[in-house]
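Please read the structure below before turning to the comments.
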Amino acid sequence: METLDSIKIRDLEVEVYQTKSGYRFSLDALLLADFPEVRTVSRILELGAGSGVVSLLLAKRYPKAKVVGVEIQDGLFGRAVRNAEVNGLSGRVEFMHIDLKELPKTLPPEGFDLVVMNPPFRKPGTGKISPGDERAIARHEMTAGLDDMLKSASAMLRNRGRLCIVYNPTRLAELFHLMRENALEPKRLRTIHSTVADEASMALIEAVKCGASGMKVLPPLFVYESHKVYTAEMRAFYGFKD
């Protein structure tokens, strides 16, 4: 069973098919699509594109850009292709059904200005995993680990190109170490909290390929003022009228 859902952030809107029981996008994907600060960009790559939400939103944000999304799961890849079609973006958004570790053999190196990714947060062996479970595969490092994804990102980015990633804040030390091993210098960090009283549940990070050292830590983003009441920033993010 599938649903066709309308997604709106700021002045951008897309429609996406999703399964009711399998992998469904969440806030982390929407925040990732909103995080890049580049003014102009010609080629964008998404690693682990899922049903294509981030790729489609970025195509709307950057109407002159060509977007390529890579997805290894059959069902998600098929839905991503359909979602590009239903949004009239098939001419600028291409989805590839391959293992991202094979990208350096498939696409010209250093061909992208911006790479985005929402990697699996959990290592294998943590949490329950069901064979063929889209959600489990998307959340656990079963088909590609963090280092694999960063290697591919670095290989695909041009010099001074940017990587934007949403990740588990408990693994930031590991992330920064692996970024630097792959010539990706962390430049911006923003943590995401449910409320002011909660620890960070997500982190948004931007890195620059072969960039100079020095990272800006941005003010934290709080999702709720109180139970299910969005903060003013989140209301603006979703395009709500006050």
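Looking for something of a type in the set (Gly, Ala, Ser), over 26 Å from residue 50 (Cβ atoms) and buried (at least 17 other Cβ atoms within 10 Å of the Cβ) - is there at least one such residue anywhere in the stretch 211-227? Yes, because at least one residue in the stretch 211-227 is of a type in the set (Gly, Ala, Ser), over 26 Å from residue 50 (Cβ atoms) and buried (at least 17 other Cβ atoms within 10 Å of the Cβ). Of the conditions (1) modelled with pLDDT under 95; (2) among the polar types (S, T, N, Q); (3) surrounded by 19 or more Cβ atoms within 10 Å (Cβ to Cβ), residue 40 clears all except one; give me its number. Failing condition for residue 40: (3).
Entry remark, the stretch 228-237: residues being under 23 Å from the mean Cα position of the chain (by Cα), loosely packed, with under 14 Cβ neighbours inside 10 Å and either over 22 Å from residue 13 (Cα atoms) or aromatic (Phe, Trp, Tyr) (or both) number 0 in total. Of the helices (runs of 4 or more DSSP H) lying entirely inside the stretch 61-139, the ones with 2 or more residues being surrounded by 19 or more Cβ atoms within 10 Å (Cβ to Cβ) and at pLDDT below 95 are found at 134-139. Note on the stretch 152-204: residues that are buried (at least 20 other Cβ atoms within 10 Å of the Cβ) and among the basic types (Lys, Arg) total 1.
Would you check if residue 8 is on the phi < 0 side of the Ramachandran plot, out of contact with any helix residue (DSSP H, G or I) (no Cβ under 8 Å at 6 or more places or on another chain), in a helix (DSSP H, G or I) and basic (Lys, Arg)? Taking the combined requirement at face value, the residue does not satisfy it.
Please verify whether residue 149 is more than 15 Å from residue 175 (Cβ to Cβ), among the hydrophobic types (A, V, I, L, M, F, W, C) and at pLDDT 60 or above, treating the condition exactly as stated. Taking the combined requirement at face value, the residue does not satisfy it.
The values are calculated or read from the model by the stated rules, or taken from the named source; none is laboratory data. It should be emphasised that the depicted structure is a prediction, and the values quoted were computed from it without experimental measurement. Methodologically, a virtual Cβ is constructed for each residue, glycine included, from the backbone with ideal geometry; neighbour enumeration extends over all protein chains shown.
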